[in-house]
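Trainee: I have a structure I would like to understand better, so I am pasting it below and will then ask my questions one at a time.
The values are calculated or read from the model by the stated rules, or taken from the named source; none is laboratory data. Just so you know, these numbers come straight off a predicted model, no measurement behind them. Here the Cβ is made from the backbone with ideal geometry for all residues, glycine too, and neighbour counts use every protein chain on show. Calculation scope for accessible area: heavy atoms of the full protein, side chains included, ligands and nucleic acids excluded. Shrake-Rupley method; radii C 1.70, N 1.55, O 1.52, S 1.80 Å.
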Amino acid sequence: MSNILQRFKALIPGAHNELVNITANNGDGTSTGTTLGGAIITVKGESVTAGNRALVRNGEVVRQMPSLTAVEVEV
């Protein structure tokens, strides 16, 4: 890998983490949520009740997150 960007990407784990506001538990093992960017998504898992924030990794609810102010920073 001679491309510096590819070498940098190789250092970062492949998991995609996202903070999502859960809006509904769908009753079929999935939940509906809203991302910080405003997109509505369906994720696997119903362990976080509607009205709470969840950490979503690769499309699956990992755990409930505290309702703190979120800040998004682009690098």
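Trainee: Identify all residues within the range 17-48 that are open to solvent by 50 Å² or more (accessible area, probe 1.4 Å) and among the β-branched types (Val, Ile, Thr); write none if there are none.
Mentor: Once the filter is applied, which keeps residues that are open to solvent by 50 Å² or more (accessible area, probe 1.4 Å) and among the β-branched types (Val, Ile, Thr), the range 17-48 yields Thr23, Ile40, Thr42.
Trainee: Against the condition among the basic types (Lys, Arg) and at pLDDT 85 or above, how does Lys9 come out, does it pass?
Mentor: On the way: among the basic types (Lys, Arg): yes; at pLDDT 85 or above: no.
Taking the combined requirement at face value, the residue does not satisfy it.
Trainee: Further question: Scan the range 12-50 for residues that are modelled with pLDDT of 90 or more and either in contact with a helix residue (DSSP H, G or I) (Cβ under 8 Å, 6 or more places away or on another chain) or on the phi < 0 side of the Ramachandran plot (or both) and report the count. If you could, list the steps in order and put the result at the bottom.
Mentor: So in the range 12-50, the residues modelled with pLDDT of 90 or more come out as 18-35, 38-50.
Filter once more, so that each one left must be either in contact with a helix residue (DSSP H, G or I) (Cβ under 8 Å, 6 or more places away or on another chain) or on the phi < 0 side of the Ramachandran plot (or both): 18-26, 28, 30-35, 39-44, 46-50.
Total satisfying the criteria: 27.
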